[in-house]
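Where a number appears in this text, it was derived from the coordinates with a stated rule and is not lab data. Predicted model, so just to flag it, every value in this text is computed and none were measured. So basically every Cβ, Gly included, is an ideal-geometry build from the backbone, and we count neighbours across all protein chains shown.
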Amino acid sequence: MKKEKQVYNGKLLKVFVKEMTLPNGFDVKVEIIKHPGAVLIVPIFDDGRILLIRQFRAAINKYIWEFPAGTLEKGEKPVDCARREIIEETGYKAGKLEKIQEIVPVPGYSTERIIIYKATRLAKVTKKAMADEVISEEIFDREDIAQMLRSGEIIDAKTICALSFLFLEGHTFWK
């Protein structure tokens, strides 16, 4: 049994209800959000400090600290999206982008995949902010970010994942 019906078609997301049989033989009806995919960029300065953005998130009606990120446009390569998003959200251009990892943030109900990039050799350029984004940026050192994680100031899951990957790869930021 494999029947899928689209129940919502938005600007960003499409919602489907799918009837399927699980590997154990149990029949289910699941709701799936189809997402075009996204990127997250970890901007690292030559001295090891890291840039975070403070962004208002309407869904939770709150400002949160996070790394710059954005949704892939139709036909856009992830690395090109990362180049575009870092400029739009921070006013910095990455001289070098390196893929760190890929995550699936909510696999229980969404197809979204986020590719995480490390951006280095940063150069200040003109910020190209989008009208529907309320963002400011700030540069932090290791101690500040560690304290923000401990205190719960950083709650964005994709940002926490990216910081974990930097730690695992032994980035000098954590030493």
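Take every DSSP beta bridge with both residues inside the chain and express the antiparallel ones as a percent of the total, to the nearest 5.
Antiparallel bridges make up about 85 percent of those DSSP assigns within the chain.
To the nearest 20 debye, what is the magnitude of the charge dipole of segment 32-175 about its Cα centre, counting +1 on the Cβ of each Lys and Arg and -1 on the Cβ of each Asp and Glu?
Details: 22 positive and 22 negative charges, 58 e Å.
Taking the Cα centre of segment 32-175 as origin, the dipole is about 280 debye.
How tilted is helix 142-151 with respect to the longest principal axis of the chain? Cα atoms for both, answer in degrees (0 to 90, nearest 10).
The two axes meet at around 40 degrees.
Measure nothing but the geometry: give the 0 to 90° angle between the long axis through the Cα atoms of 78-90 and the longest principal axis through the Cα atoms of the chain, rounded to 10°.
Helix 78-90 sits roughly 50 degrees off the main axis of the chain.
By the gyration tensor of its Cα atoms, with a ≥ b ≥ c the square roots of the eigenvalues, what is the shape of the chain: rounded for a/c under 1.5, prolate for a/b over b/c, or oblate?
Values: a/c = 2.06, a/b = 1.74, b/c = 1.18.
Prolate.
What percent does the relative contact order of the chain come to when contacts are Cα pairs within less than 8 Å and at least six residues apart?
Relative contact order here is 22 percent.
What's the ranking of 113-123, 89-99 by average number of surrounding C-beta atoms within 10 Å, highest first?
Descending packing order for the listed peptides: 113-123, 89-99.
Lys18: which aspartates and glutamates have alpha carbons under 18 Å from its alpha carbon, excluding same-chain residues fewer than 8 sequence positions away?
Here the aspartates and glutamates satisfying the reach criterion relative to Lys18 are Glu4, Asp27, Glu31, Glu112.
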